[in-house]
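The values are calculated or read from the model by the stated rules, or taken from the named source; none is laboratory data. Every value quoted in this text rests on a predicted model; they were computed, and no experiment measured them. Every residue, glycine among them, receives a Cβ derived from its backbone with ideal geometry; neighbour counts consider all protein chains shown.
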Amino acid sequence: MKKYIHVTKEDRHFLAQAFGVSDVTVWKALKYEQDTSTIRKIQFHALQRGGILMIVSPAMETMHDADGYMRQYFPNGVMLECDKNTGRVDIIKDGKPVKNYKNVMLNQFPAIQAEAQNL
């Protein structure tokens with residue numbers, strides 16, 4: 001999953017001057033294009049100055065129903081159906097069950113979503 005740090009133009013300029021690096025280096029740091037000690041320092045200071053960590057994710061529709069289910073609809077025809085009471089998650093493609101998980105914890109959900117996106 002791609003991520004980046006959203007900052008203002010003024011903050012990008014400040015970071016380049018503060019670390020004595022080029023605008024391109026700051027851009028690479030904010031887009032997580034490289035990983036060096038200077039890059040990590042730029043990322044840390046960008047967040048300290050009010051930068052916002054953003055995640056790039058494909059658009060998908062999510063419905064939270066009154067019946068205790070959450071359903072996510074992906075562009076590839078896959079649906080995730082989550083029973084909020086039991087923690088069961090089903091991956092359904094073209095109306096047919098593909099895989100299911102029991103007692104899913106919230107930190108497991110991104111991996112299940114990635115699997116659904118790749119079907």
Exercise for review: Determine if segment 58-80 includes at least one residue that is in contact with a helix residue (DSSP H, G or I) (Cβ under 8 Å, 6 or more places away or on another chain) and over 22 Å from ASN107 (Cα atoms).
Suggested key: yes
Exercise for review: Hey, can you tell me all the residues within segment 38-52 that are within 13 Å of HIS6 (Cβ to Cβ) and surrounded by 12 or more Cβ atoms within 10 Å (Cβ to Cβ)?
Suggested key: GLN43, ALA46, LEU47, ARG49, GLY51
Review point. Has segment 99-117 got any residue that is aliphatic (A, V, I, L, M), surrounded by 15 or more Cβ atoms within 10 Å (Cβ to Cβ), out of contact with any strand residue (DSSP E or B) (no Cβ under 6 Å at 6 or more places or on another chain) and more than 19 Å from LYS2 (Cβ to Cβ)?
Key: no
**Study point:** Residues of segment 29-60 satisfying the condition of being over 18 Å from the mean Cα position of the chain (by Cα) and outside any loop (DSSP other than H, G, I, E, B)
**Key:** SER37, THR38, ILE39, ARG40, LYS41, ILE42, PHE44, HIS45, ALA46, GLN48
Review point. Quick one: ILE55 ticks every box in (1) at pLDDT 95 or above; (2) loosely packed, with under 12 Cβ neighbours inside 10 Å bar one, so which box is it?
Key: (1)
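Of the residues ASP35, ASP65, only one is surrounded by fewer than 12 Cβ atoms within 10 Å (Cβ to Cβ), charged (D, E, K, R), out of contact with any His (no Cβ under 8 Å at 6 or more places or on another chain) and not assigned by TED's automatic domain parsing to the domain that holds ASP11; which?
After ruling out the rest, the residue left standing is ASP65.
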Revision key, fill the gap. Cβ pairs under 6 Å, 6+ apart or interchain, first in segment 80-102 and in a loop (DSSP other than H, G, I, E, B), second polar (S, T, N, Q) and exposed (fewer than 15 other Cβ atoms within 10 Å of the Cβ), ordered by first then second residue, are GLY87/ASN103
